[in-house]
Amino acid sequence: MSGLRVHQAGPSCTVQDLGRPGYLDRGLSQGGAADRLALAEGAALLGQDAGLAALEIAGFGGVFEAECDMRIALTGAPMAAEIDGTRVAWNASHALYAGQRLGLGAVRAGSYGYLHLGGGIDAPQVLGARAVHLAAGLGQAVAAGDLLPVGRDRGGETGLHIEVEDRFAGGTLRVVEGFQTPLFSPEVRARFAATGFTRGARANRMGAAVECPGEGFAAEEQLGILSEIIVPGDIQMTGDGRPFVLLPECQTTGGYPRIGTVIPCDLPRVAQAPAGAPLRFAFVSREEALAAEARHAAHLAGLRRAPRPLVRHPGDIPDLLGYQLISGAISAHHDHHDDHGDNA
Amino acid sequence: MTANDQQFRPGFPALRPVGLAGVLVSFSDRLEETANRAALAFRAAVEAERRDGVAETATSLASVFLRFDPDAISYDEMTDWLQGLLAERDWYAAALPEGRRLIRVPTVYGTDLAPQLEEAAAAAGMSVDDAIADLGASRVRVLTIGFAPGQPYLGRLSAQWDLPRQTALTARVPVGALVLAVRQFTLFTAPSPTGWRHVGQTAFHCFRPGAASPFALAPGDEMVFEPVSKPAFLRIADKATDGAGGAVIEEIAE
């Protein structure tokens, strides 16, 4: 078995894929990548399935060494990245040859960066997925000395770049009403929708606190509510009426009332908002939300054709002759032959 | 459903949205035996239909949750279908689902392993011996699984055990802790803080990652936490490496 050796890792780097749907009745939330869009972008860069596992990096990366030739891609929250000391582009794919070291620094925006391997990280599957679920005790964060086994890569280009939607600085989150929304008075709901929040200090894969000065947002019957099903995106009001947006690794049931649910395509924006980032909540109708989801699905479907050759300044390239300058030509060729599908 | 039932549950059963891809079918807004039975039976009926577009279902204390694919079926189509199913019978009178099991778990009550038994017994107005006898003979049902993987909410205990949660949290109870509040037990999957009182300790693991059947319990299963002495418990805990904690399992004949 070969792969990527971890020489040094930030405190919360975990292998993630799309998680384990279907175990809600057993108390296990789906989990999986906090920013699913970043998974899809990495898969597009490497021309592979978005269900393959990648390394999710919260806040700070580490030092990794290839034990075999491999392709990698870097997506999500941008970080300082270098290969053998040479800076490399984010939202891009690169070749990493056996013995080369990849260094990933602190996030420059956002919260979660992703390191993808061509062929995916071939960690053992538990209950049908490779995603580490820290809250459930399934797997653990990677540590120095670990080997991230690389799956079989069907190969393909590197040196590609993808334009991404900026979701790393907060913004407006679209919210649909749910079964507990009526527990909040119209006045409280209106004030909630009119309030400018910031992401609080407490946040992890289970959820993110959002804060604002002044009064909280209490339900009319905050206590004595039956514990009920929770879904990611739910905005629950804790005992003091402070909102907490739940993320993929949330508990499956809870007794705190929820004022609404952030729609799935806006969840990467919640997960990626760094502490202090401004956030607002806008109630939208089911129809508006479904239309937004449909646009997001179309965007995901188009990602496979989005990568373009990296444009480099020759001065940034230490060994110009070492680069495969032909890769751009191959990419242009592909642009005219999209109908042939998977041509990686 | 009779008109009489309707009077007792105005507004129920209720169909309401959960996010963009969920429907909640609620049979009550409080914990009651008939609503829990209704939820278990209704979920079984929903599962039996294998309707296209339904991704998964789960029960909570008095509700059934259905996650669906909005690209395959709309919320209105979901609720129309569910209304039809609800009208088919009086779900509150439903029998419990089939295939349930009775699980007897050796449990040490009190001692340093479960230090809040005395306090709980006093709050319930019972002697410690009577408390052990009552709790140890209570046959409770898995009302729902939730919070953490495989973790059951079990009820209902007799009325004396309608104890409120503690105002201050216990910082940490271990795996297998049997804790009590509001006429229910829960049995902790993982070490956790809790507002419930720690009255018993088992060596039973509700979640066994890597095992052929990683989830030890299902809603509707019944459990008895049979009293054993501390030395007997320690021997069982020492021997049981499969996570079962010496539990004896039998099918419940319907």
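Just so it is clear, none of the values below were taken in a lab; they were calculated from the coordinates. What you see is a predicted model, and the numbers here were worked out from it, not measured in a lab. Note that we place each Cβ from the backbone using ideal geometry, even for glycine, and neighbour counts take in every protein chain shown.
Odds and ends about this structure:
- Rounded to the nearest 10 degrees, the angle from helix B:128-137 to the longest Cα principal axis of chain B is 40 degrees.
- Order of B:MET223, B:MET78 under a 10 Å beta carbon neighbour criterion, fewest first: B:MET78, B:MET223
- Segment A:1-110: trypsin sites (Lys or Arg not before Pro) in DSSP loop, at most 13 other beta carbons within 10 Å: A:ARG108
- Using only side-chain charges placed at the Cβ, +1 for Lys and Arg and -1 for Asp and Glu, the dipole size of the protein assembly as shown relative to its Cα centre rounds to 900 debye.
- Normalised by 2.2 N^0.38 Å, with N the number of residues, the alpha-carbon radius of gyration of segment A:1-125 equals 1.02.
- Across peptide B:54-64, the mean count of Cβ atoms from other chains lying within 10 Å of each residue's own Cβ comes to 4.
- Partner shielding of B:20-31 amounts to 4, given as the average count of beta-carbon atoms from other chains within 10 Å of each residue beta-carbon.
- The convex hull drawn around the Cα atoms of chain A, when projected onto a plane and averaged over every direction, covers 18.2 nm².
- Taking every alpha-carbon pair under 8 Å whose residues sit at least 6 apart, segment B:3-93 reaches a relative contact order of 29 percent.
- The alpha carbon centroids of segment A:275-297 and segment A:115-178 are separated by 23 Å.
- Taking Cα atoms only, the orientation of helix B:33-49 departs from the longest principal axis of chain B by about 60 degrees.
- Here segment B:103-254 is assigned +1 on the Cβ of each Lys and Arg and -1 on the Cβ of each Asp and Glu. Its dipole about the Cα centre then comes out at about 380 debye.
- Estimated FRET transfer efficiency when R0 is 25 angstrom, pair A:ALA194-B:ASP71 (beta carbons, to 0.05): 0.15
- For segment B:3-93, radius of gyration divided by Kirkwood radius, i.e. Rg to Rh on alpha-carbons: 0.95
- Candidates B:ARG172, B:ARG141, B:ARG50, ranked by Gaussian network fluctuation over chain B, Cα under 10 Å, top entry: B:ARG50
- Options A:PHE168, A:GLN236, A:ILE263, ranked by Cα towards positive dipole end of chain A, top entry (Cβ charges): A:GLN236
- Model label sites at B:ALA168 and A:HIS7, defined 7 Å from Cα along the beta-carbon direction, differ in position by 5.0 nm.
- Low-density loop cleavage sites - GluC sites (Glu not before Pro) in segment B:1-106, where at most 16 other Cβ are within 10 Å (DSSP): B:GLU88, B:GLU98
- Cα Rg, Dmax (largest Cα-Cα span) when computed across segment B:101-251, Å: 14.0, 43
- Shown here is the pair-distance distribution of chain B: with all Cα-Cα distances grouped in 5 Å bins from zero up to the longest one, the shares run 1, 6, 12, 16, 16, 15, 12, 9, 7, 3, 1, 0 percent.
- When all alpha carbon pairs of the protein assembly as shown are counted in 20 Å bins from zero, the resulting P(r) reads 19, 48, 29, 5, 0 %.
- When segment A:180-292 is reduced to its Cα atoms, the Kirkwood hydrodynamic radius in Å: 14.2
- Sorting B:SER192, B:SER213, A:SER111 by the number of Cβ atoms found within 10 Å of their own Cβ, with the fewest placed first, yields B:SER213, B:SER192, A:SER111.
- The dipole here belongs to segment A:171-299: it is taken about the Cα centre, uses +1 on the Cβ of Lys and Arg and -1 on the Cβ of Asp and Glu, and is about 420 debye.
- Of all DSSP beta bridges in chain A, antiparallel share, percent nearest 5: 90
- Cα lying deepest toward the dipole's positive end in chain A, options A:ILE83, A:VAL126, A:ALA190, charges on Cβ: A:ALA190
- Point-to-point label distance, A:ASP49-A:GLU287, nm (Cα→Cβ direction, 7 Å offset): 3.8
- Computed over chain A: relative contact order in percent, which uses C-alpha pairs under 8 Å that are six or more apart: 20
- With a simple spin-label model that places each label point 7 Å from the Cα along the Cα-to-Cβ direction, the separation between A:ALA141 and A:ALA297 comes to 3.7 nm.
- Most fluctuating residue given options B:ILE73, B:ILE103, B:ILE132, as computed from a GNM of chain B linking Cα atoms under 10 Å: B:ILE73
- Along chain A, counting only GluC sites (Glu not before Pro) with a DSSP assignment other than H, G, I, E or B and at most 13 other Cβ atoms inside a 10 Å radius, the longest segment between sites is A:1-162.
- Spatial separation of Cα centroids for segment A:31-67 and segment A:202-220, in angstrom: 28
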